[in-house]
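FYI, it's all coordinate maths here, none of it is from the lab. As the structure is a prediction and not an experimental result, all values here were calculated from the model. Quick reminder, even Gly has a Cβ in these numbers, built from the backbone with ideal geometry, and neighbours come from all protein chains shown.
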Amino acid sequence: MRLSLLALYVVVAAVFATQAMMAPLVPLFGLSLGASPAVIGLLVSAGFVLPLFGALAAGSLVDRRGARPLIVVGALGMTAAPLVVVALPTLFGVAVAQLGLGLAHLVVIVAAQTLVASLGGGRAREKNFGWYTMFVSAGQLLGPLLAGVLVDSAGFGVAFAVAAGVSALGAGCSLLLPSGLTPQLGSQQGEGAAAETLGKDAVSSADKDGDEASGDASLGETSGGEGVLELLRRPGVRVALSVSAAVLFSLSVYQAFFPAYLDALAFSATVVGGLLSLRALASLLVRPFTARIMALFARRLQGLKVMLLLIAVGLGLTGLFDTLLLLGLLAIVVGVGVGIAQPISMVTVVDHVDSHIWGFALGLRLTGNRLAQVLGPALLGVSAEVLGFDGMFLLAGGVLVVAIGLLQWWGPAFDRAEKARGVGGG
């Protein structure tokens, strides 16, 4: 079943490449149409509005119906979204495309992350999520650079069309996934051994459909009867959601306004895409070493705070410099922090909930992500017009510092929860 595993990774890389292509294309195309920073912020936020309300439902659907159908539908949706801009090259067309793209992307990643969560526990899970996010970074590495080159050489229409073609590749590969592809179930204590092949996932899915799907999960309650508020009372879930939301807040601000800032500095679209790809490259290179780097810290929380600090410094100082070398170095700093913090936030969620509600818990995590991604660009777009880009980036870095303070406050309870579940040691 190695072909199926490779197909899953190609799907993940393709959909993230399309999303990464849209990251510079949306603000740059908006600027070409005369949009202000506030409007740019709203356009970027539009991509996260529907996922904000649909993440929990998607997670519950994965728990009930399995991963493969959602992966196929989501990849097809991401193929259609950029074509809307090709057919309707206006700010309205961009907004519609962003709405569709965000929902389709959500569907794919909830299903894919739930699947990865089933492949092992402890350090093995950290490695699995490290490899998953490495393919994410591969897509994020290719996307911006490809978009920038296409804009400079062929124009926005061709760039949006190619973005659709990349997702079409992922949609084709998603058809190679086994129809029974669903996460394995099992007790939290028995998750230490990874599944040997995706074929085992297919076998276990039959048991899941027969025995577990009857526990219908809604937006307010998991299939195990545990509601959102009960999950949020768990220190591990609170920490994971806060870290993940802070990281995605920083990325949404970076992707929304870094291209606009570079455009104001008269850099070409190719340079804009290259710097965004450099950030992704830093994340890509560091992610295979996720488990080893986290092992350097006595506690998981220490490592998470250090990674958030790196992002805060890299993001906050961006608006103070206008030279390519320094902006590139700051992009690398942000990339390293994101590259470690993001997979560990996924690991932390699944380590602190039982396996039969992994999809719901990861959906809750994505809800927090999308809330941060909706509010970040929308609010900071207004601040950019008032404070300028330098003040806006400093303010964004300050939000990350606040998140570090929350981790410090929740630290003792989180460490006790880690010890009780036997996870997170350095």
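A protection proxy built from the mean count of other Cβ atoms within 10 Å ranks the segments 374-381, 295-302, 339-346, 327-334, most packed first, as 339-346, 374-381, 327-334, 295-302. For the stretch 1-67, the Kirkwood estimate of hydrodynamic radius, built from reciprocal distances between every pair of different alpha carbons, is 14.5 Å. In terms of its C-alpha gyration tensor, the stretch 28-94 comes out oblate, because a/c is 1.5 or above while a/b does not outweigh b/c.
Normalised size of the stretch 337-407, defined as Cα radius of gyration per 2.2 N^0.38 Å with N residues, equals 1.37. Selection among G388, L366, L400 by position relative to the dipole of the stretch 306-426 gives L366 as farthest towards the positive end (Cβ unit charges, Cα centre).
Backbone amide hydrogens, once placed in the peptide plane, bring G227 within less than 5 Å of T222, excluding anything fewer than 5 places away on its chain. Going by the alpha-carbon gyration tensor, a ≥ b ≥ c the square roots of its eigenvalues, is the stretch 377-426 rounded (a/c under 1.5) or, if a/c is not under 1.5, prolate (a/b greater than b/c) versus oblate? Note, shape of the stretch 377-426 comes out prolate.
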